[in-house]
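Visitor: Can you keep this structure in mind? I'll have questions shortly.
The values are calculated or read from the model by the stated rules, or taken from the named source; none is laboratory data. All values derive from a computational prediction rather than experimental measurement. In this analysis, Cβ positions are derived from the backbone assuming ideal geometry, glycine residues included, and neighbour counts consider all displayed protein chains. To get the accessible areas, we keep the full protein, side chains included, count just its heavy atoms, and leave off ligands, DNA and RNA. Shrake-Rupley method; radii C 1.70, N 1.55, O 1.52, S 1.80 Å.
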Amino acid sequence: MMTRDCARSHRSPFLAHAAGVFIGLLLISAETVTPSIALAKSVAAQPVHVRTAIAPHQFPPWRVSPAHGILLKELTSGRVLYEYDAGKQMSPASLTKIMSALVILEKGQLDDLVTISPNAARAHKMHLRMKAGQVFRLEDLLKAMLIMSANDACLAAVEHVGGDEAQFVTLMNAKSAALGLADTHFNDGCGFDNPDQYSTAEDLAALSVIALDQPIFRQLVREERAIITPVNGQHVYVLYNTNRLLGRIPGVEGIKTGFTSKAGRCLIAKVSQNGSELLLVILNSKRRWNTATNLITYGLQAVEAPH
């Protein structure tokens, strides 16, 4: 009524203007406090773990958490800047390939020649449509599984290094146990949905830090594109990185994307800017790129804030 009355009144322009300013201030105030209120309601409604590094009025600009699991930390100090259900077990989708890459680098020889099996050629979802009988260097298969998340390349590499996928998964779970990833278990080498395939944002962050210590892994996950060819053919496969942050946000250095119907859209990103190194894990988000951009901006501000 106030707005309508003010709009109709031609005798009190000053009062109309004042009322508009007052309402505007109320709206600005409401936007400022809404995130912290929404956070309090979220925590009260369900047993989740939320932690921020800076004051509530600087909380990221959303009312409900934009992902089912989030962990943002500063690598240099190990300080957690923001987390939401970071210890909850969830489907990791193709983030699984980080562990697969570690096992391949540890147990395989990158110059090995790998023949694509009929089983690997039938791999579904994200794939390069490799043909059974094609032969690739193991390093090229590693490129395809990390840069483009190709499941046919991944399965071929897994079968070659492990003898078969089941034996390779045994190596993955042994590695997981050795690294102390207590909330992580694998059922396959590529990241398909299965009740026995799960991890947490915390475990995946720890795994990523370890993987980044491998120079080859660190180099591959930051490449925006690459080309591979079979050693027994002329077909050229162009690999485009599935990580849309590469080349768009300064300092992004990988690491891996993932998606399945159960896992939702997942992302692990490393960012180096102005002497700060951030690691971000997002599990099951509908808008991972916007979420990631907001969290990276938030994290870089939080690093500079007094604590």
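Visitor: Looking at region 61-74, can you tell me whether even one residue there is modelled with pLDDT of 95 or more, buried (at least 22 other Cβ atoms within 10 Å of the Cβ) and part of a helix (DSSP H, G or I)?
Guide: no
Visitor: Test PHE217 against the criterion of being open to solvent by 40 Å² or more (accessible area, probe 1.4 Å), within 15 Å of MET145 (Cα to Cα) and aromatic (Phe, Trp, Tyr), and give yes or no.
Guide: no
Visitor: Something else: Residues in region 175-210 that are open to solvent by 60 Å² or more (accessible area, probe 1.4 Å), more than 22 Å from TYR84 (Cα to Cα) and assigned to a helix (DSSP H, G or I): how many?
Guide: 2
Visitor: Sticking with this structure for a sec: How many residues, within region 257-307, are under 24 Å from CYS190 (Cβ atoms) and free of Cβ contacts under 8 Å to residues at least 24 places away in the same chain?
Guide: To start, the set of residues in region 257-307 that are under 24 Å from CYS190 (Cβ atoms) comprises 257-270, 279-286, 288-289, 292.
Retained after the next criterion (residues that are free of Cβ contacts under 8 Å to residues at least 24 places away in the same chain): 265.
Residues that pass the stated criteria total 1.
Visitor: Open to solvent by 30 Å² or more (accessible area, probe 1.4 Å) and within 21 Å of the chain's Cα centre (by Cα), is that true of HIS160?
Guide: Against the criterion (open to solvent by 30 Å² or more (accessible area, probe 1.4 Å) and within 21 Å of the chain's Cα centre (by Cα)), HIS160 does not qualify.
Visitor: While we're here: Please go through region 103-120 and pick out each residue that is closer than 12 Å to PHE168 by Cβ and touching a residue at least 60 places away in the same chain (Cβ under 8 Å).
Guide: Once the filter is applied, which keeps residues that are closer than 12 Å to PHE168 by Cβ and touching a residue at least 60 places away in the same chain (Cβ under 8 Å), region 103-120 yields VAL103, GLU106, LYS107.
Visitor: Okay, moving on. Any residue in region 122-133 that's at pLDDT below 90: show its pairings with residues that are in a loop (DSSP other than H, G, I, E, B) and surrounded by 15 or more Cβ atoms within 10 Å (Cβ to Cβ) at Cβ separation under 8 Å, as long as the two are six or more apart or on different chains.
Guide: From region 122-133, the pairs are LYS125/PHE192; MET126/MET148; MET126/SER149; MET126/ALA150; MET126/THR242.
Visitor: Now for a separate question. For region 249-301, give me each residue that is in a strand (DSSP E or B), open to solvent by 30 Å² or more (accessible area, probe 1.4 Å) and of a type outside the set (S, T, N, Q).
Guide: GLU253, PHE259, ARG265, GLU277
Visitor: State yes or no: is ASN241 surrounded by fewer than 23 Cβ atoms within 10 Å (Cβ to Cβ), in contact (Cβ under 8 Å) with a residue 40 or more places away in the chain and closer than 21 Å to LYS73 by Cβ?
Guide: No, not satisfied.
Visitor: Look through region 131-147, keep the residues that are surrounded by fewer than 24 Cβ atoms within 10 Å (Cβ to Cβ) and aliphatic (A, V, I, L, M), and return whichever of them is nearest to LEU246 (Cα to Cα).
Guide: Looking at residues that are surrounded by fewer than 24 Cβ atoms within 10 Å (Cβ to Cβ) and aliphatic (A, V, I, L, M), I get LEU138.
Visitor: Those residues that are farther than 20 Å from CYS266 by Cβ, open to solvent by 10 Å² or more (accessible area, probe 1.4 Å) and in a loop (DSSP other than H, G, I, E, B), I need them from region 224-238; list them, please.
Guide: THR229, VAL231, ASN232, GLY233, GLN234, HIS235, VAL236
Visitor: Those residues that are surrounded by 14 or more Cβ atoms within 10 Å (Cβ to Cβ) and farther than 14 Å from GLY233 by Cβ, I need them from region 113-130; list them, please.
Guide: Once the filter is applied, which keeps residues that are surrounded by 14 or more Cβ atoms within 10 Å (Cβ to Cβ) and farther than 14 Å from GLY233 by Cβ, region 113-130 yields SER117, ASN119, ALA120, ALA123, LYS125, MET126, HIS127.
Visitor: Restricting attention to region 178-205, which residues are within 13 Å of LEU102 (Cβ to Cβ) and either among the hydrophobic types (A, V, I, L, M, F, W, C) or in contact with a His (Cβ under 6 Å, 6 or more places away or on another chain) (or both)?
Guide: ALA178, LEU179, LEU181, PHE186, LEU204
Visitor: Right, another one. Out of LEU105, LEU110, which single residue is within 14 Å of PHE217 (Cα to Cα), in a loop (DSSP other than H, G, I, E, B) and open to solvent by 10 Å² or more (accessible area, probe 1.4 Å)?
Guide: Of the residues listed, the single one that is within 14 Å of PHE217 (Cα to Cα), in a loop (DSSP other than H, G, I, E, B) and open to solvent by 10 Å² or more (accessible area, probe 1.4 Å) is LEU110.
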